[in-house]
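Peer 1: Please read through the structure below; I'll follow up with questions.
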Amino acid sequence: MSAIDDLPPLREVIAQHGLSARKALGQNFLLDLNLTSKIARQAGDLQGVSVLEVGPGPGGLTRGLLAEGAKRVFVIEKDARCQPALEEIKTAYPGRLEILEGDALKVNPMDHLTPPMRIVANLPYNVGTELLVRWLTPSSWPPVWDSLTLMFQREVADRIVAQPGSKAYGRLAVLAQWRCEARIAMSLPPEAFSPPPKVSSAVVHLKALTEPRFAADPKVLERVVAQAFNQRRKMLRAALKGIVQDLEGCLREAGIAPTDRAEVVPLEAFCALARVVKNAV
């Protein structure tokens, strides 16, 4: 019996079902159920809330979410080996867990959940950033989710909350902070996982804003930011070459010096540039 429910400890579950983590699937399993419950609590009060979880593996975080009172948890797991362990959790929490075997990049959670919902996940490291960008860039805003509570390698977490002028500041920071309140909720040492990764991890909590902080066309902003940071060591008059005819004029109109580099340009200025570029095209 574990500390949070009547199911076996995670080490026993992993041994029973032969669930060694696979590098090809970007897996690192959390073993401490008290820790998974603490991570679940970073998403706020889960009573009556529907939750999407990607990559549950043997279900450590899943059990934390259910133990913390989530009304319904929908999990997407690509690794078929994990299905029996997840089915045991489903039996222990009747009517509250739905399991889908599949690729999270190909599944529309809205086919299975109705908003409002929260997304909580120890994301597989090989798809984590791509999923985050997708969740941050829906076709309309506010999104179908209220908040994202996600585990990343510490380096990625730092990039999400970074400020202008820092080495970590880049595309992820601009996209995340444009539409969300973003903060690092807690740090996780390598030994919290099995197998232990080579680097530390962190839980990032992103709360969706009702409206973006500054007006901008999402697709134009994404394009400008991606191109600006793709060659971050270059001055913007070179990095953004070809994006608009009178580039230097557009930069100045947005209050940006053509000799600036992307890493020093604040969010508000990037949004201003996106508006100028859209009007100039």
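Peer 1: Given the conditions (1) of a type outside the set (Ser, Thr, Tyr); (2) touching a residue at least 40 places away in the same chain (Cβ under 8 Å); (3) out of contact with any Gly (no Cβ under 6 Å at 6 or more places or on another chain), which single one is not true for Arg261?
Peer 2: (2)
Peer 1: Return yes or no: is Arg81 closer than 24 Å to Pro189 by Cβ, over 18 Å from the mean Cα position of the chain (by Cα), modelled with pLDDT of 90 or more and not in a loop (DSSP other than H, G, I, E, B)? Walk me through how you get there before you give the answer.
Peer 2: Details: closer than 24 Å to Pro189 by Cβ: no; over 18 Å from the mean Cα position of the chain (by Cα): yes; modelled with pLDDT of 90 or more: yes; not in a loop (DSSP other than H, G, I, E, B): yes.
Judged against the criteria, Arg81 is not a match.
Peer 1: Just checking, how many residues over the stretch 148-161 are among the polar types (S, T, N, Q) and surrounded by fewer than 21 Cβ atoms within 10 Å (Cβ to Cβ)? Break it down into steps so the answer makes sense when it comes.
Peer 2: Within the stretch 148-161, the first condition is being among the polar types (S, T, N, Q), and the residues that meet it are 149, 153.
Among the residues that remain, those that are also surrounded by fewer than 21 Cβ atoms within 10 Å (Cβ to Cβ) are: 153.
Count: 1.
Peer 1: For the stretch 206-231, how many residues are closer than 27 Å to Met151 by Cβ and touching a residue at least 24 places away in the same chain (Cβ under 8 Å)? Talk me through it step by step, then tell me what you get.
Peer 2: Applying the first criterion (closer than 27 Å to Met151 by Cβ) to the stretch 206-231 yields 206-210, 212-213, 218, 221-222, 225-226, 229-230.
Filter again for touching a residue at least 24 places away in the same chain (Cβ under 8 Å), leaving 206-210, 212-213, 218, 221-222, 225-226, 229.
Residues in the stretch 206-231 being closer than 27 Å to Met151 by Cβ and touching a residue at least 24 places away in the same chain (Cβ under 8 Å): 13 in total.
Peer 1: So is Thr62 assigned to a helix (DSSP H, G or I), free of Cβ contacts under 8 Å to residues at least 12 places away in the same chain and on the phi < 0 side of the Ramachandran plot or not?
Peer 2: No; evaluated as a whole, the condition is false for this residue.
Peer 1: Between Arg41, Arg72, which is in contact with a helix residue (DSSP H, G or I) (Cβ under 9 Å, 6 or more places away or on another chain), charged (D, E, K, R) and in the same structural domain as Leu123 (by TED's automatic domain parsing)? So that I can check it myself, show each step before the final result.
Peer 2: Details: Arg72 fails: in contact with a helix residue (DSSP H, G or I) (Cβ under 9 Å, 6 or more places away or on another chain).
Among Arg41, Arg72, only Arg41 is in contact with a helix residue (DSSP H, G or I) (Cβ under 9 Å, 6 or more places away or on another chain), charged (D, E, K, R) and in the same structural domain as Leu123 (by TED's automatic domain parsing).
Peer 1: If you check Asp45 against the conditions, is it at pLDDT 95 or above and more than 17 Å from Ala192 (Cβ to Cβ)?
Peer 2: Answer is yes for this residue.
The values are calculated or read from the model by the stated rules, or taken from the named source; none is laboratory data. Only a predicted model underlies this, so the values are computations on that prediction, with no experimental measurement involved. Here Cβ is always computed from backbone atoms with ideal geometry, including for glycine, and neighbour counts include all displayed protein chains.
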